[in-house]
1. Sorted by average packing, counted as other Cβ atoms within 10 angstrom per residue and highest first, what order do 264-270, 314-320 take?
2. Test of understanding: ordering Tyr158, Tyr92 by Cβ neighbours within 10 Å, fewest first, what list do you get?
3. From the phi angles alone, apply the Karplus equation (6.51, -1.76, 1.60; θ = phi - 60°) to the range 300-307 and give each ³J(HN,Hα) in whole Hz, x where the residue is Gly or Pro.
4. Taking the simple approach of a point 7 Å from Cα along Cα-to-Cβ for both Phe123 and Gln151, what is their distance in nm?
5. Going by C-beta contacts inside 10 Å, put Ile202, Ile156 in order with the fewest on the left.
6. Please list 3J(HN,Hα) in residue order for the range 241-248, calculated via the Karplus relation 6.51 cos²θ - 1.76 cosθ + 1.60 where θ = phi - 60°; whole Hz, with x for glycine and proline.
7. What's the FRET efficiency of Ile164 with Val199 using the Cβ-Cβ distance as r and R₀ = 25 Å, to the nearest 0.05?
8. In the structure shown, do any of Lys96/Lys221; Lys141/Lys221; Lys135/Lys188; Lys141/Lys188 have a Cα-Cα gap over 20 Å, and if so which?
Amino acid sequence: MRSTFMPNNATSASSSKIPRALAAPARPVAVQAKAAQPLMAKTVLTGRAAQGKIPAAIQTLAATPPPTAKSSAKPGANDAIRAAAAAIRQAYESSKPCPPVRDQLPANDVNAAYAVQQANTNFWIGQGRRPVGRKIGLTAKVVQRQLGVDQPDYGILYADMEVIDGDEIPWSKVMQPRAEAEVALVLKKDLLLEQLTLVDLIDATAYALPAIEVVGSRIAKWDIKIVDTICDNASSGLFVLGTKPVPLEDLDLRGCGMVLEKKGEPISVGAGVACLGNPLNAALWLARKMVSVGMPLRAGNVILTGALGPMVPVGAGDVVEARISGLGSVRAAFSN
């Protein structure tokens, strides 16, 4: 019998080439580029959420971010960063997990880990992958404590990571896959300013969608610490979005209940409060962080705000469906 359980409150959870810009968009002084870096794409979308359709991308402009924060790594660490980045790429390309990369870098050096992530971002953009947004990880306090950190992490979303709701996901597509239900936000305005407020974020958001993130790890047996998951693009895999946009004024994201089901039975339950107290809090953290590192969020970006409940392993042939109150449902189906 199919479960109709929908919790209203929960407090526990786990967690080709890039086109050149024809003209760089104006930016506030606080986030103007200080030095050239490889291109991060800005996606400009058309359409209206009120029509119940997800807009189609019509143009990609490139933005040049300033350098990210310097790593505390000692001289010679650049070789270690390149080696760790290469190990992650080799695992991605071969579908064979690699050992943890944390031992190749200074202990608990988050900046060095983000340098590894950025090295692979630069590589993959150069190979033609198109950035379409960002994901937030470690939004559950219990998971932060397990990894010895006091804040979330982030990774990049590429167009080739998106799966259409209802399409079958090849079982070999994601390494060591796990699924979690999330709220996705789609922006209609750039978020460029320092000292961004919650009002700025709400004003810049076009609509919300239900989402399933298929999390994956290139690290063997999920033997990860914070450095490993950041290096590995925040343990990203794929994402599936629902198809009915909902404006924020119609939602209570803090109190929205979530159930993730397999074969009609709940396998994960949660609520918006489990995601840093509110998915909007997580998105605001991300927006501020992206400004601080010189890679602000742009109109058209998708934001995966973080898990509403514990992530769960998935197997070949599984079909999981997430239902989030006020947002509707979304499904991820895996081949045998």
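1. Output ranking for 264-270, 314-320: 264-270, 314-320.
2. The order, fewest Cβ neighbours first, is Tyr92, Tyr158.
3. Calculated HN-Hα couplings, in order: x, 5, 8, 10, 8, 7, x, 5 Hz.
4. 2.6 nm
5. Fewest-to-most Cβ neighbours within 10 Å comes out as Ile202, Ile156.
6. These are the phi-based 3J(HN,Hα) values: 10, x, 10, 10, x, 10, x, 4 Hz.
7. 0.15
8. Violating the 20 Å Cα-Cα cut-off are Lys141/Lys221; Lys141/Lys188.
Every read-out reported here was derived from the displayed coordinates using simple, explicitly stated rules and does not represent laboratory data. Not measured: the values here are computed from a predicted model. Glycine also receives a Cβ, built like all others from the backbone with ideal geometry; neighbour counts cover every protein chain displayed.
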